[in-house]
Structures are given as structure tokens and as C-alpha cells.
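Report on one structure; see the data block that follows.
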Amino acid sequence: MTKPDFTQMTRKELKKYILSHPTDNEAIRELLINRRNLNAQTFPYPYDMPYEEVETIFKSKLNLK
């Protein structure tokens, strides 16, 4: 069986393919590495942050201010 061309698949098609082929690292790499949003908000590793700051982020994401 020939693998599909992941670069030609839509994001939705690629996610569906990965759900049925969860060990296909090439497909996962295409979705998570090649198509990542470079403008996405990032956060420092939590262990490098004060507890209060981590708690504030979690509460804001859960709308528990």
C-alpha cells in the first residue's frame, strides 16, 4: 500500500488519517512540525515559573479569575 502525500492533504484529512494510523510518524510530523502555527502563543516551561504565575495562567484559561 502506498502512503498518501501528506503535503497535499487538508488539515482535517490529515487528522483523520492520524486517528486511523496513530503510529505513522511521518504523518504526525507533517501535522505537528511542518504545519505548526509560528505565531501561536507560547509559555515557558512551568517548572521555571513561580507557582503563582502558573496558577494565574491556569485560572485564566479556565475562566476562574
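The values are calculated or read from the model by the stated rules, or taken from the named source; none is laboratory data. Since we're looking at a predicted model, the values are computed, not measured. Positions of Cβ are backbone-derived with ideal geometry, glycine not excepted, and every protein chain shown enters the neighbour counts.
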Fill in: Filter result for the condition that a residue is under 17 Å from the mean Cα position of the chain (by Cα), of a type outside the set (A, V, I, L, M) and part of a helix (DSSP H, G or I), over Glu30, Glu52
Glu30
Item to complete: For the range 38-58, enumerate the residues that are of a type in the set (Ser, Thr, Tyr) and surrounded by 10 or more Cβ atoms within 10 Å (Cβ to Cβ).
Response: Thr56
Worksheet, complete the sentence: Only one of (1) surrounded by 10 or more Cβ atoms within 10 Å (Cβ to Cβ); (2) modelled with pLDDT under 90; (3) of a type outside the set (Val, Ile, Thr) does not apply to Lys61, and that is (1)
Worksheet item: In the range 5-27, which residue that is among the charged types (D, E, K, R) and either outside any helix (DSSP H, G or I) or in contact (Cβ under 8 Å) with a residue 24 or more places away in the chain (or both) is surrounded by the fewest Cβ atoms within 10 Å (Cβ to Cβ)?
Response: Asp5
